[in-house]
1. Determine whether Val255 is open to solvent by 30 Å² or more (accessible area, probe 1.4 Å) and touching a helix residue (DSSP H, G or I) at 6+ places or on another chain (Cβ under 6 Å).
2. So, in the stretch 184-203, how many residues would count as being closer than 21 Å to Gln116 by Cβ and open to solvent by 30 Å² or more (accessible area, probe 1.4 Å)?
3. Taking the condition of being within 15 Å of the chain's Cα centre (by Cα) and open to solvent by less than 20 Å² (accessible area, probe 1.4 Å), how many residues in the stretch 271-287 meet it?
4. Determine whether Glu137 is at pLDDT below 95, more than 20 Å from Ile181 (Cβ to Cβ) and either assigned to a strand (DSSP E or B) or open to solvent by less than 20 Å² (accessible area, probe 1.4 Å) (or both).
5. Quick one: in the stretch 238-251, which of the residues that are within 15 Å of Met350 (Cα to Cα) and modelled with pLDDT of 95 or more is surrounded by the most Cβ atoms within 10 Å (Cβ to Cβ)?
6. Search the stretch 368-424 for residues being aromatic (Phe, Trp, Tyr) and at pLDDT 55 or above, and hand back the single one that is surrounded by the most Cβ atoms within 10 Å (Cβ to Cβ).
7. Determine whether Asp45 is modelled with pLDDT under 90 and out of contact with any Asp or Glu (no Cβ under 7 Å at 6 or more places or on another chain).
8. Kindly evaluate Arg218 against the criterion of being outside the structural domain of Met350 (by the TED database), of a type in the set (Lys, Arg) and at pLDDT 95 or above.
Amino acid sequence: MGCFASRPKDTGGNRRKPTSIGDVSVYVPGLRIPKPVEFSQSLGDQLPKTLVERLTALRTRIVVMANQEGPTITRTRRKTQHGGSTLADLHQALEDYLPVLLGLTKDGSHLQFKVQFNWVNQEDEEEETAMSNVWYEILSVLHLMAMLQMSQANLLLLPRGSSDGYHPKVSEENRRASIDIFLKAAGYLDCAVKHVFPQFSAELRRSLPVDLAEGVLRALCLQALGQGVDIQLGMAIDSAKATLAVKRRLSCEMVKYWQQAQDNLMNLQLANGWGEKHRLFVKWKYVEAKAAAYYYHGLILDEGNTEKSHGMAVAALQAADECFKESKKASEAFNTSSPTSRTPPLFGTMKYLSEKIPKETSSKVRINRDLYSYEKIMETAPTLPDFALALKPDEYQLPSVDASWSEDNLQTKNTSNHIKGNQR
């Protein structure tokens with residue numbers, strides 16, 4: 001279909017990887033950067049000049065802004081000269097571009113294979129991937145929109161010094177806002193998997209960079225949902241009204257999100273530092289979620305009146321303690337992998353559990369072993385309850401094709417070409 005994939009060898013010229021990305025609450029595996037495109041060469045004799053110029057201007061704006069930010073913007077809160085956020089401005093530029101870009105797909109147009117789009121990868125071994133397929137461009141745009149949202153969530157969830165002079169905190173306003181952002185990011189990724197991926201043949205899917213592999217997109221979507229539930233759990237912990245059952249359910253759901261994210265990354269060749277760090281982040285959060293789930297499951301089991309339930313409670317709390325210790329090692333492995341990072345001061349779920357799990361485990365083990373014989377204490381952790389996943393991605397749909405692609409506008413071009421032909 002006039003479509004091909006090009007994978008230039010890594011020359012080290014365009015892909016920039018920082019040595020450190022600073023504090024990380026939400027991991028973003030680098031930002032893919034678009035390279036310039038000459039729409040006039042491919043479409044100049046096919047479309048009205050104003051439409052070609054508009055496509056060029058919209059995409060050039062994105063290229064310039066994305067290159068200014070570099071592959072990652074987790075370290076700063078840069079503002080524009082007008083006081084706006086560079087994250088928000090780049091996201092808006094992508095939203096402005098998408099309806100005009102989608103015109104190339106209109107009615108199955110042959111134009112969708114006319115332009116070669118080239119992007120710099122972050123998780124793939126190859127530095128760049130170029131494809132003459134507008135759906136590759138659309139997929140890349142949705143991925144970048146999602147990564148910008150995740151970057152924004154990271155900035156919101158970095159604890160700041162509080163006015164009372166105590167430990168740095170994340171405000172409730174920021175926590176609530178981050179949940180909305182996670183659902184929005186998940187919506188872009190869900191749309192990419194369900195509505196853009198089907199536009200590619202099996203062969204072309206294999207030609208996509210690993211950054212855009214279906215498994216990576218699904219894993220990022222699940223990561224966004226898992227981190228959203230983490231914030232919900234932290235808010236439940238702070239609420240006097242939230243029951244142990246609610247906290248257990250949230251923590252068990254969180255385990256499922258992270259486990260599914262890990263499963264989606266399992267057989268992918270993630271590379272260039274960003275990819276391996278991505279895998280380590282998911283592993284860390286999965287183990288951390290299990291610590292929370294076993295802790296709350298143990299507390300509920302301990303409310304039972306039988307030796308068996310108390311024995312299961314001790315086993316669950318011991319599993320929570322082991323997972324908590326393992327999560328600290330996983331966090332260290334993540335932070336020391338290149339590009340290096342730091343874990344910000346604990347807040348929410350893990351701040352609470354880092355204090356409670358060791359203390360509660362030690363206390364319950366001692367009490368129950370005084371009451372019951374060693375044989376009554378389970379050696380293996382009880383199975384965690386299986387709850388349906390409640391948090392879903394936002395319903396995002398690709399926008400309608402921009403009005404500049406109207407029949408009247410395109411007819412003007414056809415009439416102009418006809419006149420030129422007669423003059424010859």
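The values are calculated or read from the model by the stated rules, or taken from the named source; none is laboratory data. Model, not experiment: these values are computed from the prediction. Counting neighbours? That spans all protein chains shown, and the Cβs are built from the backbone with ideal geometry, glycine included. Side chains included, ligands, DNA and RNA excluded: accessible areas come from the protein's heavy atoms. Shrake-Rupley method; radii C 1.70, N 1.55, O 1.52, S 1.80 Å.
1. Details: open to solvent by 30 Å² or more (accessible area, probe 1.4 Å): no; touching a helix residue (DSSP H, G or I) at 6+ places or on another chain (Cβ under 6 Å): yes.
For Val255, the condition - open to solvent by 30 Å² or more (accessible area, probe 1.4 Å) and touching a helix residue (DSSP H, G or I) at 6+ places or on another chain (Cβ under 6 Å) - is not met.
2. Keep residues of the stretch 184-203 that are closer than 21 Å to Gln116 by Cβ, which gives 192, 196-197, 199-201, 203.
Still in the list and also open to solvent by 30 Å² or more (accessible area, probe 1.4 Å): 199, 201, 203.
Within the stretch 184-203, residues that are closer than 21 Å to Gln116 by Cβ and open to solvent by 30 Å² or more (accessible area, probe 1.4 Å) number 3.
3. Adding up the residues that qualify gives 6.
4. On the way: at pLDDT below 95: no; more than 20 Å from Ile181 (Cβ to Cβ): yes; either assigned to a strand (DSSP E or B) or open to solvent by less than 20 Å² (accessible area, probe 1.4 Å) (or both): yes.
No.
5. To start, the set of residues in the stretch 238-251 that are within 15 Å of Met350 (Cα to Cα) comprises 238, 247-248, 250-251.
When the remaining residues are screened for being modelled with pLDDT of 95 or more, the result is 247-248, 250-251.
Details: Lys247: 24, Arg248: 24, Leu250: 27, Ser251: 29.
Only one residue tops the list, namely Ser251.
6. We begin by selecting, within the stretch 368-424, every residue aromatic (Phe, Trp, Tyr); these are 372, 374, 387, 396, 405.
Keeping just the survivors that are at pLDDT 55 or above gives 387, 396, 405.
Numbers: Phe387: 14, Tyr396: 21, Trp405: 19.
Checking each candidate, the answer is Tyr396.
7. Details: modelled with pLDDT under 90: yes; out of contact with any Asp or Glu (no Cβ under 7 Å at 6 or more places or on another chain): yes.
Yes.
8. Yes; evaluated as a whole, the condition is true for this residue.
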